[in-house]
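The values are calculated or read from the model by the stated rules, or taken from the named source; none is laboratory data. Worth saying up front: this structure is predicted, and the values here are computed from it rather than measured. No Cβ is skipped: glycine too gets one built from the backbone with ideal geometry, and neighbour counts run over all protein chains shown. Calculation scope for accessible area: heavy atoms of the full protein, side chains included, ligands and nucleic acids excluded. Shrake-Rupley method; radii C 1.70, N 1.55, O 1.52, S 1.80 Å.
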Amino acid sequence: MKKLLLLLFAFFASLFTFLPLGGARGGFSPLFAQNGLDENGVRDVTLDSLAKANQARPVSGSSRKGNNPVLFLVGNSTMRNGTLGNGNNGQWGWGYFARNFFDETRITVENHALGGTSPRTFYRKLWQPVLQGIRPGDYVVLELGHNDNGPIDEGRARSSYKGADGNSPLSNDSILVTIKETGEKEMVYTFGGYIRRFVADIRSRGAQPILLTLTPRNAYVGKDSVTIDRKLTTFTPWIKELARELNLPCIDLNDISARKLETYGKWKANYHFFGDKIHSSEFGAKMNAASFAEGVDMMAHPALSTLKTYLLQDKVHPVSIKPGRMPDSLLVSTCLHQAKPWKQKRQPTVFLTGDSTVKNNDKDEDGMWGWGSQAYTVFDVTKCDVVNAAKAGRSTRTYLQEGRWDEVYNSIEPGDYVLIQFGHNDIGPIDSQKERGVIACAEDTCHVYKMASNGQYQVIYSFGWYLKKFIQDVREKGGTPILVSLTPRNEWPGGKVERRNDSYGKWYRQVAEETGCDFLDLHNITADALDKMGKEKAAAMFNNDHTHTSLAGAQLNARSIAQGLKKMKHPLRKLLK
């Protein structure tokens, strides 16, 4: 009966409803607020049997290619979340994404972490099978401590010994305890005692141990503070002391990630966690994985000199798409192949983001064109660089998922402008067909979906949420975001061109009002122009279907952009011709 109840809970815990994201909690599923929380104030979602969990974890050393080394990851739910580690509860461990930062033709990454484990429980129940696959030249990352709490001899019985005086977690003290529920006797060591045993075992196999401080929590030193409270993790000084004692490389993952969260601001920091203040969302897991890779790259310890050569530097240090170091195809000017070289005294860059209505084939005079290709007809390219980073077929969601937004984000410098225009591809199937749809509203909501194409789980947000993320990201980098409503379609109900003011228009305005972001209503400016033309003449503004524009239509939309900026008296109008 107990096993059945646990399985039923695991099933219902995966059924998220549309959830608000705002507020200090991050505002997620009410299931996480029920009784039965652990000592950290969270519910451990690794509820299946240990045998089932072990089936999902890799066989130690199985990823090895020839005689290449393996990077083994040992930790808890912040490194590998849930029994399957597949994000079906909206939470991800950073170990899933760590491989993205290493050249796997030279080294492979194996994530052996398991949610709910402490140094004690991992060493006692999981460590020996992992140890068997370790060879000379391998690396083993240890990030343990989040669950080193609670009773020492009952319940989960996962806490380490605090020493004979109750305050010596790094001593070599130990104590023999009897687990109350089972009568089983167990020798329990201190936190330092377990780490020393891990390290001794790793070195006995000829491999290199690496200590990590714990991932930061979504908590601040005071109510109005923007500083992440690092003292919530008392293990940091212990881990650093053990690293000094054992002459080990120690990466301060806690501080590297906390510094990022502090620059993000609380709204953005919140969505890097999911369900509670400890476990990370996909955003947070990717951030922590990047922090680990950055820590390796920065580490001066000689033991990591070879590991550093396995890093993918373009992932650790993303390349921006600035003029002078980007494809000509992105730079909008009258003479693409005479693009201005990067200047010491820079001028503002205007980034255009969106779908095919912003960037299309843009080649054949009689083909389909996006208005971004004609931006040079309205912007003075001697005063600014215009980068058309839009991509056909993309929604806010897929533009972000594919890393296209990150390219823009990594390129923004103070004084730049980013025009954000999406919508044509956002409302459609979410978990089937092209899998690019979003939740159709402006509120901060999300839902966990299982994708039909590959069976993987994703947290999908609302149209308004994605816009707010883009806006916040631009402001974080010192740029100016401008929301641009989607282009109108060649549809004429009642003899007037179709207006989408009750859906996209409403959502754009709501986001603009909530964020204070400038809003350029391209949709209605162009629609007014089309109405004046009439249906027959307006047909020449489109090509192939009711959505995509001809060259003349692209030029019309570009003129509408200029008209909107002038009407708004926006500072960007000074960069127009």
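Which members of segment 275-311 meet the condition of being farther than 28 Å from Tyr457 by Cα, of a type outside the set (Gly, Ala, Ser) and open to solvent by 50 Å² or more (accessible area, probe 1.4 Å)?
Hits for segment 275-311 are Met298, Pro302, Thr306, Lys308, Thr309.
Based on what the data block shows, is Ile321 under 30 Å from Thr515 (Cβ atoms) and modelled with pLDDT of 90 or more? No; evaluated as a whole, the condition is false for this residue. Each residue in segment 451-487 was checked for being assigned to a helix (DSSP H, G or I) and either of a type in the set (A, V, I, L, M) or touching a His at 6+ places or on another chain (Cβ under 7 Å) (or both), and 3 pass.
Take segment 98-134 and flag every residue that is open to solvent by 50 Å² or more (accessible area, probe 1.4 Å), assigned to a helix (DSSP H, G or I) and of a type in the set (Lys, Arg). If the condition is that a residue be open to solvent by 50 Å² or more (accessible area, probe 1.4 Å), assigned to a helix (DSSP H, G or I) and of a type in the set (Lys, Arg), then Arg99, Arg124, Lys125 are the ones that fit.
Inspect segment 488-504 for any residue being out of contact with any strand residue (DSSP E or B) (no Cβ under 7 Å at 6 or more places or on another chain), aromatic (Phe, Trp, Tyr) and either surrounded by 15 or more Cβ atoms within 10 Å (Cβ to Cβ) or under 28 Å from Lys315 (Cβ atoms) (or both) and give the result as yes or no. Checked against the condition, which is being out of contact with any strand residue (DSSP E or B) (no Cβ under 7 Å at 6 or more places or on another chain), aromatic (Phe, Trp, Tyr) and either surrounded by 15 or more Cβ atoms within 10 Å (Cβ to Cβ) or under 28 Å from Lys315 (Cβ atoms) (or both), segment 488-504 yields at least one hit. Based on this model, can you work out whether Asn147 counts as in contact (Cβ under 8 Å) with a residue 60 or more places away in the chain and surrounded by fewer than 23 Cβ atoms within 10 Å (Cβ to Cβ)? Against the criterion (in contact (Cβ under 8 Å) with a residue 60 or more places away in the chain and surrounded by fewer than 23 Cβ atoms within 10 Å (Cβ to Cβ)), Asn147 does not qualify. Would you call Gly372 in a loop (DSSP other than H, G, I, E, B) and either in contact (Cβ under 8 Å) with a residue 40 or more places away in the chain or not charged (D, E, K, R) (or both)? No; evaluated as a whole, the condition is false for this residue.
The numbered conditions (1) under 26 Å from Thr445 (Cβ atoms); (2) without any contact (Cβ under 8 Å) to a residue 60 or more places away in the chain; (3) open to solvent by 10 Å² or more (accessible area, probe 1.4 Å) are all true for Gly265 except (2).
Looking at segment 511-530, can you tell me whether even one residue there is in a loop (DSSP other than H, G, I, E, B) and β-branched (Val, Ile, Thr)? The answer is no; no qualifying residue exists.
Conditions (1) more than 26 Å from Gly93 (Cα to Cα); (2) surrounded by 15 or more Cβ atoms within 10 Å (Cβ to Cβ); (3) of a type in the set (Val, Ile, Thr), marked per residue:
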| position | (1), (2), (3) |
| --- | --- |
| Asn172 | yes, no, no |
| Met187 | yes, no, no |
| Gly206 | yes, no, no |
| Leu212 | no, yes, no |
| Thr215 | no, yes, yes |
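Checked against the criterion of being in contact with a Lys or Arg (Cβ under 9 Å, 6 or more places away or on another chain) and within 30 Å of Ala539 (Cβ to Cβ), segment 441-462 has no qualifying residue.
For every residue, the table says whether it meets (1) closer than 25 Å to Asn501 by Cβ; (2) of a type in the set (S, T, N, Q); (3) surrounded by 20 or more Cβ atoms within 10 Å (Cβ to Cβ).
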{"site": "Glu365", "(1), (2), (3)": "no, no, no"}
{"site": "Ser395", "(1), (2), (3)": "yes, yes, yes"}
{"site": "Pro414", "(1), (2), (3)": "no, no, no"}
{"site": "Lys434", "(1), (2), (3)": "no, no, no"}
{"site": "Gly437", "(1), (2), (3)": "yes, no, yes"}
{"site": "Cys446", "(1), (2), (3)": "no, no, yes"}
